[in-house]
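The values are calculated or read from the model by the stated rules, or taken from the named source; none is laboratory data. Because the structure is a prediction, the values reported are computed rather than measured. Because the Cβ atoms are built from the backbone with ideal geometry, glycine has one as well, and the counts that use them run over all protein chains shown.
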Amino acid sequence: MRIWVNGGLRDADDARLSVLDHGLTVGDGIFETVRTSEGRPFALTRHLDRLTRSARGLGLPDPDLDEVRRATTAVIDANPVTLGRLRITYTGGLSPLGSDRGTAGPSLVVALDGVSRRPDTTAVITVPWTRNERGALTGLKTTSYAENVVALARARERGASEALFPNTAGRLCEGTGSNVFVVLDGRIHTPPVASGCLAGITRALAVEWTGAEESDLPMEVLAEADEIFLTSTLRDIQAVHRVDDRELAPEPGPVAAKAMRIFDERAGNDLDP
Ligand code: PLP
């Protein structure tokens, strides 16, 4: 595997970052995961806009988007995969212990993994821990993911692939790495960004393409919804067949199936929607 690290392509075995990189020591970093198909990135402009927003939110210098685009192309060309997920990581950089931030400028790492197509449905759990809708990091895609790692481990213990969080007001928010949609009386709803969820790029496209409404939702909606589905770059749109102990249909319901068809068709035709 060939990885882009700070200005050039390297073999994965030779790729080096300082062990004192602020991204590693304190999680001072941001990232994007971009879907690639047949060697082309999907929705790259939206991802780069969010990368810049996250950098500004964290107080990092704006990433050089020309370099990020060059790195993206170089990594895709060097690692041919049919379906892939490109990871762009941008951190505070080398930072002597005890200092606030990098002394040598930020670090940029771009890598690509091949993936297989997601299953059409999955199981999820809810967790009692909360997302903070008013935190300094709310809405930023930072590398500080430890809470998500813990919640995801809990989900795996229960045979699920995702854990859904309430926010501090007890309202439905998002998953560890996905946004959530519910279908009530034939209408599609998803929590608003003000709930504290990440402004997911798949979420935004799903809202645009299906006419889903942004609604403040109680957690109890998960016990009543006719259908539930998740959106993310890793999953695209994926229906939920079990939430905690509640079994839903084993196959995607009609609304989720239609949303999945629309997404596949539109995403297949427009690489930078
Ligand atoms: N919410 C969180 C916490 C995430 O980490 C992600 C993606 O990684 C999402 C939602 C979905 O966002 P996107 O559709 O841009 O991948």
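Among the residues of the stretch 215-237, write down those that are under 24 Å from residue 39 (Cβ atoms) and either of a type outside the set (Val, Ile, Thr) or free of Cβ contacts under 8 Å to residues at least 24 places away in the same chain (or both). Result: 232, 234, 235, 236. Within the option set 196, 170, being at pLDDT 95 or above, on the phi > 0 side of the Ramachandran plot and surrounded by 22 or more Cβ atoms within 10 Å (Cβ to Cβ) holds for one residue only, 196. Kindly indicate the residue of the stretch 217-238 that is hydrophobic (A, V, I, L, M, F, W, C) and within 16 Å of the ligand (Cβ to nearest atom) and also nearest to residue 46 (Cα to Cα) among those meeting that condition. Applying the filter and picking the extreme gives 234.
Among the criteria (1) surrounded by 15 or more Cβ atoms within 10 Å (Cβ to Cβ); (2) in contact with a His (Cβ under 9 Å, 6 or more places away or on another chain), the one residue 238 does not fulfil is (2).
Listed by position, the strands (runs of 3 or more DSSP E) inside the stretch 160-220 whose residues that are more than 20 Å from residue 141 (Cα to Cα) and over 14 Å from the mean Cα position of the chain (by Cα) number at least 3 are 179-184, 187-190.
Could you say which residue among 37, 54 is over 22 Å from residue 145 (Cβ atoms), in contact with a Gly (Cβ under 9 Å, 6 or more places away or on another chain) and within 16 Å of the ligand (Cβ to nearest atom)?
37
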